[in-house]
Amino acid sequence: MRVFSGVQPTGNIHIGNYIGALRQFVELQEENECVYCIVDLHAITVPADPALLRENTLDVAALYLAVGIDPKKNIIFVQSDVSGHAELSWVLMCNTYTGELSRMTQFKEKSRGNESAPAGLFTYPVLMAADILLYDSDVVPVGSDQKQHIELCRDIAIRVNNKYGDVFVVPEGRFLKDGARVMALDDPLSKMSKSAENPLSRISLLDDDEKIRKSIMRATTDSEGSVRLDYEKKPGVSNLLNIYSAFSGCAIPEIEEKYRGVGYGVFKTELVAVAVDALAPIRKRYEEIRHSGELAATLRDGAERADGIAWRTMTRVKRHFGLGVKG
Ligand code: TYM
């Protein structure tokens, strides 16, 4: 099966991105052909400093490798290095309704109160659909916050296939059941995000041990004092339980049992140790890779291989749509 996914190079890649997406990327590489992209064209839908964007792009690439994605087995590349993404996006835009795009919750959230939101923010999900369909992807591992975008991608693919014949493979999203959505540590009703103002709301993959400790020890809980899963009444503790489970590999009931009768202080202190143990090796590998000089060559090689697949898809798309005469 072909797997495709992407991460935006917007800085502060956090444990939500890791648990919801990157960890799945690593798991899936064992048995599938995987294509992992750094989606820099998506990152310019909001104002982005050019120099910082390039640094953030290389950061995500280094993190892909540091979490254990093998660039020889898989394709790792930067979206704007393959022109098919923007090209296919236009074709899909002509087969997407403005009504569908105005129902996207992420667009509504990001453009709220902003009369001059860029059109790219509105058409963002179409570019995402192009990313996926360009590679004939079967499976798309993402966090559950991307569900609506994946649904739209499927709808567009089915619509085009009905109109023009078998053009696209219709992909499936792959979401984790528990903890698919990692919540903000200071506000467990909002998802953990790269852009939240309070740095203690998230744990970034490159945070040092002290920052990890501080974020967890200050995390919002409740006054009940018992470590148990209850998303409705105990969203903060439930979020910490999910993070504990993801990093330790222990099932939630096991963790509840372990901390029965002890306060949040002990639970949080041990969660700090579990998180530090999981993240310190990633940070170390990242430091080695980021300035190794090989990163650029890896991305160039990835882009070439991605472009080969993209070119074949675009040729097929153009044939079905009657576009171009070059053949
Ligand atoms: P992005 O860059 O916001 O996030 C990257 C991945 O991390 C997941 N994620 C989370 N998972 C759990 N809890 C959270 N708090 C959390 N925050 C983020 C996201 O679901 C995502 O899987 N639109 C995408 C990027 C994209 C893409 C694609 C993904 C562009 N084209 C094609 C898949 C296929 C995005 O903004 O992800």
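What follows is calculated from the coordinates using simple rules that are stated; it is not laboratory data. Since the structure is predicted, the reported quantities are computational estimates derived from the model, not experimental observations. Heads up, the Cβs are rebuilt from the backbone with ideal geometry, glycines too, and the neighbour counts pull from every protein chain shown.
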Item to check | Stokes-Einstein diffusion coefficient of segment 84-180, Kirkwood radius over Cα pairs, 4 °C, 1.567 mPa s, in µm²/s | outcome: 93
Checklist entry - Mind checking which helices in the chain clear 15 Å along their axis (Cα) and have mean Kyte-Doolittle hydropathy of -1.0 or more, DSSP H runs only? => result 50-66, 119-133, 147-164, 235-248, 264-290, 295-321
Checklist entry - What lysines could a cross-link reach from LYS326, if we take a straight Cα to Cα line under 17 Å and drop same-chain neighbours fewer than 8 places away? => result LYS318
Checklist entry - How many lysine pairs are close in segment 199-287, with Cα atoms under 19 Å apart and the two 8 or more places apart or on different chains? => result 7
Next on the checklist: Assuming 0.36 nm per residue, please report the length gained on full extension of the stretch ASP166 to GLN106 beyond their Cα-Cα distance.
Outcome noted: 18.6 nm
Item to check | Zone residues, segment 136-159, relative to ASN95, backbone N less than 17 Å from point 7 Å out along Cα-to-Cβ | outcome: 136-138, 150-159
Item to check | Between segment 176-212 and segment 223-244, the alpha-carbon center distance in angstrom | outcome: 15
Item to check | Inter-site label distance for ALA51 and SER190 at 7 Å from Cα along Cβ, in nm | outcome: 3.0
Checklist entry - Among residues other than LEU189 whose Cβ falls under 13 Å from its Cβ, what is the net charge (Lys/Arg +1, Asp/Glu -1)? => result 0
Checklist entry - What does the charge add up to near GLU109, with Lys and Arg as +1, Asp and Glu as -1, over the other residues with Cβ less than 12 Å from its Cβ? => result +3
Checklist entry - Counting other Cβ atoms within 10 Å, which GluC sites (Glu not before Pro) in segment 5-94 have at most 16 and lie in a DSSP loop? => result GLU30, GLU31
Checklist outcome for this item: Residue-normalised 222 nm signal for the chain, counting each DSSP H run of n ≥ 4 as -39,500 (n - 2.57), nearest 500 deg cm²/dmol, is -16000 deg cm²/dmol
Checklist entry - Sorting ILE132, ILE15 on the 10 Å Cβ count, fewest up front, what's the list? => result ILE15, ILE132
Checklist entry - Loop-only check: which GluC sites (Glu not before Pro) in segment 234-327 are DSSP coil with at most 15 other Cβ within 10 angstrom? => result GLU294
Checklist outcome for this item: As straight-line cross-link partners of LYS147, the qualifying lysines (C-alpha separation under 18 Å, not fewer than 8 residues apart within one chain) are LYS108, LYS110, LYS177, LYS191
Checklist outcome for this item: Those GluC sites (Glu not before Pro) from segment 181-240 that are DSSP loop and have at most 11 other Cβ neighbours within 10 Å turn out to be GLU197, GLU232
Item to check | Kirkwood-Stokes translational diffusion coefficient of segment 199-287, alpha-carbon pairs, 20 °C, 1.002 mPa s, µm²/s | outcome: 161
Checklist entry - How much length is gained if the chain between LYS258 and ALA86 is pulled fully straight, taking 0.36 nm per residue apart and subtracting their Cα-Cα distance, in nm to one decimal? => result 56.8 nm
